[in-house]
Structures are given as C-alpha cells and as structure tokens.
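The values are calculated or read from the model by the stated rules, or taken from the named source; none is laboratory data. These numbers were taken from a predicted model, which means no experiment stands behind them. Glycine gets a Cβ as well: all are built from the backbone with ideal geometry, and neighbour counts include every protein chain shown.
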Amino acid sequence: MVKQRNNIVGLSRQVVTSRSVQRIATGASMALLLAAQIVFIEPVLACAAGVNSELEQLYCAVVAKGEGAGLPSFDDFRRNPPATQQLLLKRPAERAGLAMPAHKTQRAKLPKSATPAPTPQSTKPQAREQAAVVSSDLKGCALGAQAIQCGNVQYRLLDNRANSTLSQGALGPNNRLVLPPVPSYRSNAELHQYLQRAYGIYLEQMAKIGLSGATLSYSKFYYIFDDSQQQQQDFVHRFALMYDFLKKDKSTMAVAQQHRGKTPPALTKCQALGDDFITCDSRGSNWVYARKPY
C-alpha cells in the first residue's frame, strides 16, 4: 500500500513538475499553479483507483508520460465508446511512444478436432427477442442490412467515414457543436424533450465529421447530463470541448468503420428520434440511421 502511494506521488510530480517550474519562473500566480496541479493530478488519482480496459490503461500510461494535457478527464474518457477512446488516444500515445492495443475483432479459432458444444441457452435470447416489444414509432418498419424502411421513408445506416468524403470545412474551427442551453425544466417530460433535441444535434454534428460509428447512445448521453448536473458542470461546454478534441484528432488520422460486417440489432432495441434519426443501442454499440444523406 505504501509503495502504491509513493508511485502516485511520484507520478503526480512527474506530470506537474515542468509546468510548475515554468509558471514559477515566469511569476505566475499561485492560483494558476494550483489549478494546473488539479487538472493534471486528477487523471493520475483516477488511474490509481483502477482501470477496466486496455484503453483506460493506455490513458493512464499516456498521462504518466506527461502527454495527457489535451485529453478529457478520466471520467469523461471512460464514458465514450471504444472507437472514440481510440481516436482520442492515438496522437498522445504516439507522442508518448506507446502502442495502441490491437483490435479484437475475431475470437480465437478452435482446433480442427474440437467440436463446439451446443449452447443450452441459445434459444432463450431468441425467445426474449420475440417477446420484446417494438416501439410504437417503429411499428410497420422493416430492418435491412444497411437501412430501416418505414413506409415510403428510408433511414440509412451511418458509420465512420474517411476525411476525403466529408464536406469542406467539416473539421475546421467554424464547425462547432453548439447544444441549446439547459432550460429550467419542471418535469421529466420537459427534461427528455430538451435532451432528445440536444441529442439529435449531437448526432448530426458527429455525422458531419464522419464519426457516426463512434457516437454515444441516448442512455449514455443522458447519464453524462445527469453527472454534469451532479458535479455542477457546464453540460453544453463539456460537449463542445469534446467535439473540438475529436475534430482535431480526426483531421490527422483514419478511423475504421464500426459496423461493417456486423449483424444489425433487432428493432426492439431501436427508437425513433423525431423524424430525422433512428438509433439502436445494442451491447454498448450505438447504431445510427438517418433519413437524410450525410
């Protein structure tokens, strides 16, 4: 335990020393110095509390190397889907000389002599799937490989896109994520009305920069809002800052498609978002279908 505390203290010193010396040498105020220490020590303490994935471990290693200045807080980082986490980490990890974890897209192959045993529960998920209810907004809709057809209206699946396919200026400083200010809501219905409107703007802006395959689900979006309220943070500014991080990194690197070759989730896991989007939340992966092309 003593050794772990010493490591934390040493790590904290490592990430603040250079900035501390610089600010003292230039005569900066003690308040600025303390603020800098809080910003850089916070991820270190969060890492010391334990990580849940290779990407979170890499985040901590990047911070330990002194390259975490441009990263969001550890709490904000871990709430993003893995594709977004990889995007945020790629450049800082390269600067720190650290390798990105390999994509785990395939399970280990069984030996030729091995015959997989039948799974007793293999029929249970299907039964639950049939018993699940499709949202009333999606009654009569049909799910295809790349689209959802609702009457005469088709919603096409959106995914991550190459920068060459984006509109001019999409990754520039003038393209910003500006969510509407949080209103004084009097009921949960009013709150969700605001959040669904804000979430639609978020989806549209993520599509503009070619990151629809790395979006948050509505439930995660709501969770971040609730956490911002609890922490008395600016929810609107929090997303604007994250969007700027994503644009900067997306402009210099390629991002693989997230849904290619995967089976889309059933309509029971989908919900309509106004007239423009249908989103499906399946096992931590968010599938976005849009009425208009991007």
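Figure legend. Inter-residue proximity from the range 131-153: first residues over 18 Å from Leu273 (Cβ atoms), second residues part of a strand (DSSP E or B), beta-carbon distance below 6 Å, spacing 6+ or different chains. Indicated pairs: Ala142/Gln149; Gln146/Leu157. Can you confirm whether the range 53-71 contains a residue that is crowded, with 18+ Cβ neighbours inside 10 Å, within 12 Å of the chain's Cα centre (by Cα), at pLDDT below 85 and outside any loop (DSSP other than H, G, I, E, B)? Checked against the condition, which is being crowded, with 18+ Cβ neighbours inside 10 Å, within 12 Å of the chain's Cα centre (by Cα), at pLDDT below 85 and outside any loop (DSSP other than H, G, I, E, B), the range 53-71 yields no hits at all.
The number of residues in the range 194-233 being under 13 Å from the mean Cα position of the chain (by Cα), small (Gly, Ala, Ser) and not in a loop (DSSP other than H, G, I, E, B) comes to 4. Selection over the range 187-206 of residues that are over 14 Å from Leu177 (Cα atoms) and touching a residue at least 60 places away in the same chain (Cβ under 8 Å) gives a count of 1.
Candidates in the range 274-284 are the residues that are surrounded by fewer than 19 Cβ atoms within 10 Å (Cβ to Cβ) and assigned to a strand (DSSP E or B); of these, the one that is modelled with the highest pLDDT is Asp281. For the structure I just gave you, tell me whether Ser184 is touching a residue at least 40 places away in the same chain (Cβ under 8 Å), over 16 Å from Ala272 (Cβ atoms) and outside any helix (DSSP H, G or I). No, not satisfied. Per the listing Ile209, Ile224, Ile278, the residue uniquely in contact (Cβ under 8 Å) with a residue 40 or more places away in the chain, closer than 20 Å to Ser135 by Cβ and of a type in the set (Val, Ile, Thr) is Ile278.
Say whether the condition of being among the aliphatic types (A, V, I, L, M), in contact with a Gly (Cβ under 9 Å, 6 or more places away or on another chain), at negative phi and surrounded by 19 or more Cβ atoms within 10 Å (Cβ to Cβ) is met by at least one residue in the range 256-270. No: zero hits.
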